[in-house]
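Here is the structure we will look at, set down as structure tokens.
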Amino acid sequence: MTRPTGRALRLTIFVGESDLWHHKPVYAEIVHRAHAAGLAGASVFRGIEGFGASSLIHTQRLLSLTEDLPVAIVVVDHEKRVRDFLPQLDELVADGLVMLDDCEVIRYGGRERAE
């Protein structure tokens, strides 16, 4: 699998931590489908506080009444590959936000570290 270098498209999907797809977290299903689609990479980031369309603030603080923290899934690959993946999100994301951003990729790896 070739890794993108240079221009790429970043896909960011915001969902709730408790959002489920067939009893499995939506964010996990998105990552597994991105992997199966051969995308270059995907990462999940758990927010410690945030709010969305509902205007309810979700927080990690001890006295909070909610545990449904915001989660961001970030995927980066060539534009066509990311856009070909978008229809899968129609099935998975019932309540969330999807962002697409042009970006430049600089990939590190495959060399020894200087000591």
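Just to verify a result, which residue in segment 1-42, among those that are surrounded by 15 or more Cβ atoms within 10 Å (Cβ to Cβ) and among the charged types (D, E, K, R), is farthest from Val93 (Cα to Cα)? Here the residue is Arg10. Among the residues of segment 78-102, write down those that are modelled with pLDDT under 95 and either in contact with a His (Cβ under 6 Å, 6 or more places away or on another chain) or in a strand (DSSP E or B) (or both). Once the filter is applied, which keeps residues that are modelled with pLDDT under 95 and either in contact with a His (Cβ under 6 Å, 6 or more places away or on another chain) or in a strand (DSSP E or B) (or both), segment 78-102 yields only Leu97.
The values are calculated or read from the model by the stated rules, or taken from the named source; none is laboratory data. In this text, all values refer to a predicted model and were calculated from it rather than measured experimentally. Positions of Cβ are backbone-derived with ideal geometry, glycine not excepted, and every protein chain shown enters the neighbour counts.
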